[in-house]
Structures are given as structure tokens and as C-alpha cells.
Amino acid sequence: MGFGSIISFAHKLIEERLRPGDAVIDATVGNGVDTVFLAGLVGMGGAVYGFDIQEEALEKARKRMAGAGFGGSSAEAVCGVKLLLRSHAQMEQAVPASLHGEIAAVMFNLGYLPGGDHTVVTTPFSTLAALEASLRLLKKGGVVTIVLYSGHEGGREEADAVAAWAGQLPQHSYQVLAYRFLNQRNTPPYLIAIEKR
Ligand SMILES: C[S@@+](CC[C@H](N)C(=O)[O-])C[C@H]1O[C@@H](n2cnc3c(N)ncnc32)[C@H](O)[C@@H]1O
């Protein structure tokens, strides 16, 4: 049977916690796989705030949304999904104040856009700023998932910085989990998940 993949395990953690009507964040929209997943879980009454610094990524996500039956070409008008051409480091400015402390989940999938420009990657400075902001935005019982890659240039430094940051979060306020395959070759991705107590 085998253990679930890194992405499917992240989805499982999110799925177990989200309810229709929740407000959530996709911090790295990319091809929109997580955006569509989140939109399906929170439904028409919910809200998904999606961030990416590449218009190409948002366009791919819009097409994926439409293909998944979430409506026409303007995903912003569909199912409470707002796709924003902004860095995730600005998520606190972009998410309405009424939702601060109410966000049920934040998903990060770091690295580069698959099928896009591999030199445009997430970087430790903005990733750590966005992670700090995520914890402030999260409600109690809310979860942050981070998929980390160390195979590309700068990836290992970013993954190490995120793991060091997550490992020092106070135990009384956060549960921090790592899910990784220890005997795979070729620097496989791994997952860090944080639940706010
Ligand atoms: C691995 S991809 C995300 C995959 C995506 N979750 C999916 O389901 O297809 C990483 C994405 O992060 C984006 N990115 C890089 N720096 C960013 C930043 N500061 N803020 C938001 N997105 C960023 C890249 O443009 C790229 O599209």
C-alpha cells in the first residue's frame, strides 16, 4: 500500500480540519493544485486568498479553477477565491482585518513553478516573514503546512532555515510535525506542519 506522498499527507492534515465556510490561504499558488483543493473544501461560503509573484502562475491557476468546474475565467469572482499578484510576505496587509486570527489553514509549497522559470524561487527572507505572519493570522486549531525542497539552488538553505525556525516554536503554543522519507535518494521533498494550540 505504501505511505502517502508528501503532498497527499499535507492534504490529509488540511482536509481533517477544514469546514465549509472557512477562510484559508494558499501562500504559493503555482499551478493552482492546492488552490483548487482548498476552494473545494471551504465551498461557496468560504474564502481562499492565493499569493504568487508570477502572473504566469495565477493564469495557470485560473485555468485549473475553471477546469475543475469553479466557473469562468475570472477566478477572483468564483467561490470566494482571490488570486493576488503579491508576495506571501504581504499576506497580513492583503487579508481583511476581520479575518486576522480566524484563518483555518495556510499552505506553502516552496521552490519554483513546475513547468515555469526555475530561477524564480521562494527565498528564506520572505518565506520566514510569511510564516511568522501565518501564525498571527491563524485561529486556534488552525494549521500551516510547508512542503520543502532542497534539490534546487538555494533550496537546502531555505529548508534548513524553515526547519530551524519551526523547531524553536514554543511547545505550549504550537505542535510541530515533520513528515519525511528517510531512505529516498535524490533529495526528496518533505513536509513540516504546525498546529496552533
Ligand atoms: C512549487 S510552486 C507552488 C505549487 C502550487 N502549490 C501548486 O499546487 O501547483 C512555488 C510557487 O511559489 C511562487 N513564489 C515564489 N516566491 C514567492 C513569494 N514571495 N510569494 C508568493 N509566491 C512566491 C513561485 O512563483 C511558484 O509559483
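Bear in mind these aren't lab numbers, they're just calculated from the coordinates by the rules spelled out. Quantities reported herein were computed from a predicted structural model and do not represent experimental measurements. Note that each Cβ is placed from the backbone with ideal geometry, even for glycine, and that neighbours are counted across all protein chains shown.
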Taking the radius of gyration and the Kirkwood hydrodynamic radius from Cα positions alone, what is the Rg/Rh ratio for the chain, to two decimal places? 0.94
Provide the net charge surrounding residue 165, with neighbours chosen by a C-beta distance below 11 Å and charges set as Lys +1, Arg +1, Asp -1, Glu -1. -3
Neighbour-limited loop hits for trypsin sites (Lys or Arg not before Pro), region 105-182 (at most 16 other Cβ within 10 Å; DSSP other than H, G, I, E, B): 180
What is the antiparallel percent of DSSP beta bridges lying wholly in the chain, to the nearest 5? 45
Given charges of +1 on the Cβ of Lys and Arg and -1 on the Cβ of Asp and Glu, with all other atoms neutral, how large is the dipole of region 1-100 about its Cα centre, in debye to the nearest 20? 180
Spacing of the two label points (7 Å from each Cα toward its C-beta) at residue 44 and residue 187, in nm: 4.6
Close Lys-Lys pairs in region 1-160, where close means Cα under 22 Å and separation is 8 or more or interchain: 5
Toy charge model, Lys and Arg Cβ at +1, Asp and Glu Cβ at -1: the chain dipole around Cα centroid in debye, rounded to 20, equals 520
Length gained if residue 175 through residue 85 is fully extended, taking 0.36 nm per residue and subtracting the Cα-Cα distance, is 29.3 nm
Neighbours of residue 116 by Cβ distance under 13 Å: Lys/Arg at +1, Asp/Glu at -1, summed charge -4
Can you pull the one-decimal nm distance between simple spin-label points at residue 153 and residue 54, each 7 Å off the Cα toward Cβ? 1.5
Among 125, 176, 113, which residue has its Cα positioned farthest towards the positive end of the charge dipole of the chain, with +1 placed on the Cβ of Lys and Arg, -1 on the Cβ of Asp and Glu, and the dipole taken about the Cα centre? 176
Any idea which of 24, 41, 87 is furthest toward the positive side of the dipole for region 1-113, if Lys and Arg beta-carbons carry +1 and Asp and Glu beta-carbons -1? 41
Length gained, residue 195-residue 17, 0.36 nm per residue minus C-alpha separation, equals 63.1 nm
With a ≥ b ≥ c taken as the square roots of the eigenvalues of the C-alpha gyration tensor of region 1-58, please select rounded if a/c is under 1.5 and otherwise prolate if a/b is larger than b/c or oblate if it is not? oblate
